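**Student:** Structure below; questions to follow.
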Amino acid sequence: MYPNILRHPGPTPIPKRVQLAMSQDMISHRTPEFVRLYQETTNRVKPIFGTSQDILLLPSGGTAALEAAAVNTVSPGEEVVVITVGAFGNYFVSICEKYGFKVHKLEKSWGKACTEEDLTEFLKPLSNIKAVFATYNETSTGILNPIEKLAEVVRTHTDALFIVDGVSCLGGAPAEMDQWGIDILVTGSQKAMMLPPGLALLSVSERAWKIIEETNKPAYYLDLLSYREWAEKGMTPNTPAISLIMGLSAVCDLIDEEGGFSQTVARHELMKNMVREAMRALSIRLLTSDEHASPTITAICAPEGLDLPSFIGHLKEKYHLDFAGGLGHLQGKIFRFGHMGYCFPSDILQAVSLIEAGLQDYSYSFEPGAGVAAAQNVFLNSLRK
């Protein structure tokens, strides 16, 4: 039995050391042992967020943390702006509409980023905006929004909170929550954080805490004030995902051993460039521009003349190479190559080689080895720097 080569945008492969850490004997979440684990681990995660604020841990998927960010800061009838550049930006729209917020939707075509000029123009006729919601990395299209610049626009033109979904890139992309002026930043465990699904992480600015304290919210399990109160004691209000927190500690060890988080970010940038140059060498189009390309996932258009669902299924069945297809109106038109978390240049070379094998099976016209050579050149050039 060959192992599945998982190159999805999440869940992603789990390092063996993380698996072993999660296999430790269970402990109670109301003991000094857990308090030490919680406090040490959340402090070590702060550089990934770029914050001095507490990191709160929710035993949930990332979507629950996005919902918590919304319901704790905005009341029904209040106005918000939601920036959406794909399927997961629309999640924020759905959450906000569900809670009765008045939503102003800034929508870009899939494959395009929201620029600071776009947001500036959109905000001009609006007033009394309580929050601006944005997706840092849009998983459905491989777009990395310029969050630092968008945060500056929000600060300059509004008094709104800036709330950011970083689920599919935190751990693989730079984030400076405090410096950029992000008020709530959210991520999930199952993507660049190298963990199984089931743990959400978020951090809240002092400015946002003041708003949360004043907001009348219909939340119990997702009441962030409760999480803050218990975090001061090194605990969570409800039973946490203890094994995942043990695994998160091991993830921090791996990042330290790589040379620190800046090196982890550099590895993701390198893998992005390897994938993009390989596809160009194979004359396969990319959905996004280089300027706004994600370091954690690349959206790749169907090779010319190929039935994409058939080709992706063939790669999985014959070569055990597992990609994600497109979402929404991009279904059948793109596939998504995940290169985040526990993924390295050697994994990119393996995947590109197997893509080439599949292309030959489908009689696609290209120079065999061209994609691998292009990816390899990017990698070798990085070693010479």
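**Student:** Name the pairs: first residue in the range 275-295 and closer than 19 Å to residue 7 by Cα and open to solvent by 10 Å² or more (accessible area, probe 1.4 Å), second residue among the basic types (Lys, Arg) and outside any loop (DSSP other than H, G, I, E, B), Cβ to Cβ under 9 Å, at least 6 apart or on different chains?
**Tutor:** The qualifying pairs are 286/276; 286/280.
**Student:** Condition first: open to solvent by 80 Å² or more (accessible area, probe 1.4 Å), over 15 Å from residue 232 (Cα atoms) and in a loop (DSSP other than H, G, I, E, B). Now tell me which residues in the range 22-35 satisfy that.
**Tutor:** 23, 24, 25, 26
**Student:** A follow-up question, please. Note down all Cβ pairs under 6 Å where the first residue falls in the range 109-137 and is closer than 27 Å to residue 77 by Cα, the second is open to solvent by 20 Å² or more (accessible area, probe 1.4 Å) and not in a strand (DSSP E or B), and they're at least six residues apart or on different chains.
**Tutor:** Hits for this filter: 114/108; 116/149; 123/157; 129/158; 130/78; 135/88.
**Student:** Could we say that residue 102 is surrounded by 15 or more Cβ atoms within 10 Å (Cβ to Cβ) and basic (Lys, Arg) here? Full working, then the answer.
**Tutor:** Numbers: surrounded by 15 or more Cβ atoms within 10 Å (Cβ to Cβ): yes; basic (Lys, Arg): yes.
Answer is yes for this residue.
**Student:** Being in contact (Cβ under 8 Å) with a residue 24 or more places away in the chain, in a helix (DSSP H, G or I) and open to solvent by 20 Å² or more (accessible area, probe 1.4 Å) is the filter here, so list the residues in the range 341-369 that pass it.
**Tutor:** 347, 349, 350, 354, 357, 361
The values are calculated or read from the model by the stated rules, or taken from the named source; none is laboratory data. Given the structure is predicted, the values throughout are model-derived calculations rather than measurements. Glycine also receives a Cβ, built like all others from the backbone with ideal geometry; neighbour counts cover every protein chain displayed. Side chains included, ligands, DNA and RNA excluded: accessible areas come from the protein's heavy atoms. Shrake-Rupley method; radii C 1.70, N 1.55, O 1.52, S 1.80 Å.
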